[in-house]
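*Asks:* Below is a structure I'd like to ask you about.
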Amino acid sequence: MHAFYDPRFVLPLPEGHRFPMVKYRLLAERVRDELDGLVTLLAPHAASDAEILRVHEQRYLEQLMHGTLEPQAIRRIGFPWSPALVERERLVAGATIEACRAALRDGSAANLAGGTHHAFADHGAGYCVFNDAAIAVRALQAERLIRRALIIDCDVHQGDGTAAIFAGDSSVFTFSIHGARNYPFHKQTSDLDIALPDGADDATYLSALADGLGRLESFRADLAIYIAGADPFVGDRLGRLKLSPRGLGARDRMVLDACAAWGLPVAIVMAGGYAREISDTVAIHLATVRLAAERCAQHS
């Protein structure tokens with residue numbers, strides 16, 4: 001299985017802003033060390049202006065490029081602006097495009113970052129600058145590689161930017177299962193939303209997910225993008241749910257089983273994860289990649 005990653009990863013961010021970034025470097029190191037032979041690590045292209053502008057407004061891209069975002073807009077994103085940040089986010093979007101192309105060829109592939117589902121067409125938010133899943137869907141549609149896409153968002157936070165970007169678009173089905181009382185506090189309307197109470201455990205979550213997946217079968221897609229957040233984990237600082245590592249593994253199996261049953265190639269992106277121990281977040285992401293890689297190897 002192919003996995004795409006930015007070999008630079010860690011940006012020069014102030015203390016307190018590094019925790020969303022460091023995990024990506026650690027994940028890539030563990031994939032390289034532990035999944036050699038199962039996963040081939042590749043550097044992606046940086047998403048071009050043309051690829052980004054199929055989703056995002058030109059004024060927003062220009063402000064990002066020239067560093068002219070208003071302070072409030074920068075605070076909303078959560079990272080201080082720098083040219084390196086913009087370049088990294090281009091690579092994140094490019095990696096999801098590459099993972100989708102590879103999934104169409106091989107059945108599954110991954111971006112070891114991505115899942116930046118809080119980015120809207122005209123602004124970023126919640127550590128998300130560009131909406132990589134939306135950019136990838138539009139790229140593959142423009143290339144006529146797919147007509148219809150299914151986005152399965154299991155990050156603990158609702159995929160509000162994704163829902164807004166694809167609102168009214170019958171070619172893309174957006175499904176988000178998330179914490180009802182968690183960020184974003186103003187939710188958008190996905191094609192299917194399942195909002196869970198604080199403290200939802202493995203049994204509650206998996207039952208709701210099974211119901212949600214059962215309602216997706218009738219949507220005839222050409223590709224699925226699985227946004228596999230690590231933040232429903234019981235030890236996550238921002239999650240408010242109580243899934244165990246075993247429960248998260250069962251979640252991954254349910255999603256991948258459903259995609260296999262529907263004959264859907266699946267591109268996997270990592271999304272959120274803010275455990276008190278960063279090693280827990282990395283282990284959850286690694287387990288997702290390992291499961292997908294093992295299945296890909298079995299069917300190659």
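*Asks:* Cut-off 10 angstrom, C-alpha nodes, Gaussian network model of the chain. Which of Arg215, Arg101, Arg253 fluctuates the most?
*Replies:* Among Arg215, Arg101, Arg253, the largest GNM mean-square fluctuation belongs to Arg215.
*Asks:* Would you please state which residues of the stretch 50-93 a label at Ile278 would reach in this model, taking the label point 7 Å out along Cα→Cβ and a backbone N cut-off of under 17 Å?
*Replies:* It comes to 79-80, nothing else.
*Asks:* Once ligands and nucleic acids are excluded and a 1.4 Å probe is used, how much of Leu192 is accessible, expressed in Å² to the nearest 10?
*Replies:* 10
*Asks:* Based solely on its DSSP helices, what 222 nm [θ] is calculated for the chain when runs of n ≥ 4 H residues each add -39,500 (n - 2.57) and the sum is averaged over all residues, nearest 500 deg cm²/dmol? Don't skip to the answer; put the middle values down first.
*Replies:* Numbers: 10 runs with 129 residues, N = 300.
Here the helix-only value at 222 nm equals -13500 deg cm²/dmol.
*Asks:* So what is the relative contact order of the stretch 145-211, in percent, for Cα pairs below 8 Å that sit 6 or more residues apart?
*Replies:* This gives 31 percent for the stretch 145-211.
*Asks:* For Ser244, Ser108, give me the order by solvent-accessible area with a 1.4 Å probe, most accessible first, ignoring ligands, DNA and RNA.
*Replies:* On the way: Ser244 35, Ser108 10 Å².
Of Ser244, Ser108, the descending order of accessible area is Ser244, Ser108.
*Asks:* For the stretch 152-208, what % of the accessible area comes from carbon and sulfur atoms, probe 1.4 Å? Walk me through the intermediate numbers first.
*Replies:* Details: 1130 of 2110 Å².
Heavy-atom surface of the stretch 152-208 belonging to carbon and sulfur, 1.4 Å probe: 53 percent.
*Asks:* Hey, what's the chain come to in accessible area per residue, 1.4 Å probe, Å²? Don't skip to the answer; put the middle values down first.
*Replies:* Working: 12170 Å² over 300 residues.
Accessible surface, normalised per residue, equals 41 Å².
*Asks:* Another question about this same structure. From largest accessible area down, sort Lys242, Lys187, Lys23; use a 1.4 Å probe on the protein chains. All intermediate terms of the calculation are to be shown ahead of the outcome.
*Replies:* Working: Lys242 120, Lys187 55, Lys23 5 Å².
Largest to smallest exposure gives the sequence Lys242, Lys187, Lys23.
*Asks:* With only Lys, Arg, Asp and Glu charged, each at its Cβ (+1 for the first two, -1 for the last two), find how big the charge dipole of the chain is about the Cα centre; round to the nearest 20 debye.
*Replies:* Details: 31 positive and 37 negative charges, 8 e Å.
Using Cβ point charges on Lys, Arg, Asp and Glu, the chain gives about 40 debye.
*Asks:* Of all beta bridges DSSP finds with both residues in the chain, what is the antiparallel percent, to the nearest 5?
*Replies:* 5
*Asks:* What is the set of long-range amide H partners of Gly229 at a cut-off below 5 Å, with H atoms built 1.01 Å from backbone N?
*Replies:* Excluding prolines and chain starts, which carry no amide H, the hits are Cys154, Asp155, Gly272.
*Asks:* Using a 1.4 Å probe over the heavy atoms of the protein chains, calculate the carbon and sulfur portion of the accessible area of the stretch 44-104 as a whole percent.
*Replies:* On the way: 1370 of 2730 Å².
Its accessible area is 50 percent carbon and sulfur atoms.
*Asks:* Follow-up. Give me the percent relative contact order of the chain, please, defined on Cα pairs under 8 angstrom at least 6 residues apart. Walk me through the numbers on the way to the answer.
*Replies:* Values: 629 pairs, mean separation 60.4, N = 300.
Relative contact order comes out at 20 percent.
*Asks:* Mind listing the phi-derived Karplus ³J(HN,Hα) values for the stretch 243-259, rounded to whole Hz, using 6.51, -1.76 and 1.60 with θ = phi - 60°, and x for any glycine or proline?
*Replies:* Computed from phi, the couplings for the stretch 243-259 are 7, 7, x, 5, x, 5, x, 5, 4, 4, 5, 4, 5, 5, 4, 5, 4 Hz.
*Asks:* To continue, here is another question. With θ set to phi - 60°, apply the Karplus curve 6.51 cos²θ - 1.76 cosθ + 1.60 along the stretch 88-103 and write out the HN-Hα couplings as whole Hz, x wherever there is a Gly or Pro.
*Replies:* Along the stretch 88-103, the couplings run 5, 5, 5, 5, 4, 5, x, 5, 6, 4, 4, 5, 5, 4, 5, 4 Hz.
*Asks:* Roughly how many Å² of Ile74 are accessible to a 1.4 Å probe, to the nearest 10?
*Replies:* So the heavy atoms of Ile74 present about 50 Å² to solvent.
*Asks:* As an exercise, use a Förster radius of 30 Å and the Cβ-Cβ distance of Phe185 and Arg215 to find the FRET efficiency, rounded to the nearest 0.05. Please list the in-between numbers first.
*Replies:* Working: r = 26 Å, r/R0 = 0.85.
Rounded to the nearest 0.05, the efficiency is 0.70.
The values are calculated or read from the model by the stated rules, or taken from the named source; none is laboratory data. The model shown is predicted, which means the values in this text are computed figures rather than measured ones. Note that each Cβ is placed from the backbone with ideal geometry, even for glycine, and that neighbours are counted across all protein chains shown. Note: areas computed on protein heavy atoms with side chains; ligands, DNA, RNA excluded. Shrake-Rupley method; radii C 1.70, N 1.55, O 1.52, S 1.80 Å.
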